[in-house]
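The next block holds one structure in the form of structure tokens; read it before the comments.
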């Protein structure tokens, strides 16, 4: 255990997140996502697990150490509901709240079509799979920067 760091972030996941740089993408997915096959195309090359049963818990842990990119229009994404792209399930509202909490303000969570999300995930730095069993617990976060202290 480390002080100030979520116990859900194990050594492998911390190493991946620390190795990422500005503009790299971490993808957080649910248990139904094809994490193994998709993650083979990422920089890390295999799925990483996070010891959380919900996507919101996992987002809180990841966003506790990863800043979102303020240099782009969209830095946080959610997988659209198939056939109902404007629908926002409870799981996505929960993660939206975690994003807003981590960033200290309302932050847009951009929708992305299911197969476009898969392509984004294949090009990500890493894929992190949570224990989330509800559908549409799939998100992507583009890493920003931490400015120097004044």
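The values are calculated or read from the model by the stated rules, or taken from the named source; none is laboratory data. Computed from a predicted model, the values in this text were never measured in an experiment. Glycine also receives a Cβ, built like all others from the backbone with ideal geometry; neighbour counts cover every protein chain displayed.
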Here are 26, 43: which of them is touching a helix residue (DSSP H, G or I) at 6+ places or on another chain (Cβ under 9 Å), under 27 Å from residue 71 (Cα atoms), modelled with pLDDT of 95 or more and not in a loop (DSSP other than H, G, I, E, B)? 26
Across (1) in contact (Cβ under 8 Å) with a residue 24 or more places away in the chain; (2) more than 18 Å from residue 132 (Cβ to Cβ); (3) out of contact with any helix residue (DSSP H, G or I) (no Cβ under 6 Å at 6 or more places or on another chain), residue 53 clears everything bar (2)
Those residues of segment 53-66 which are in a loop (DSSP other than H, G, I, E, B) and under 13 Å from the mean Cα position of the chain (by Cα) amount to 54, 64, 65, 66
Filter segment 56-73 for residues that are surrounded by 15 or more Cβ atoms within 10 Å (Cβ to Cβ), farther than 17 Å from residue 10 by Cβ and touching a strand residue (DSSP E or B) at 6+ places or on another chain (Cβ under 9 Å) and give the result. 67, 68, 69
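Could you pull out the residue among 149, 106, 80, 113 that is touching a strand residue (DSSP E or B) at 6+ places or on another chain (Cβ under 6 Å) and over 24 Å from residue 13 (Cβ atoms)?
80
Can we say residue 38 is touching a residue at least 60 places away in the same chain (Cβ under 8 Å), surrounded by 15 or more Cβ atoms within 10 Å (Cβ to Cβ), in a helix (DSSP H, G or I) and touching a strand residue (DSSP E or B) at 6+ places or on another chain (Cβ under 9 Å)? Write out each step before concluding.
On the way: touching a residue at least 60 places away in the same chain (Cβ under 8 Å): yes; surrounded by 15 or more Cβ atoms within 10 Å (Cβ to Cβ): yes; in a helix (DSSP H, G or I): yes; touching a strand residue (DSSP E or B) at 6+ places or on another chain (Cβ under 9 Å): yes.
Yes.
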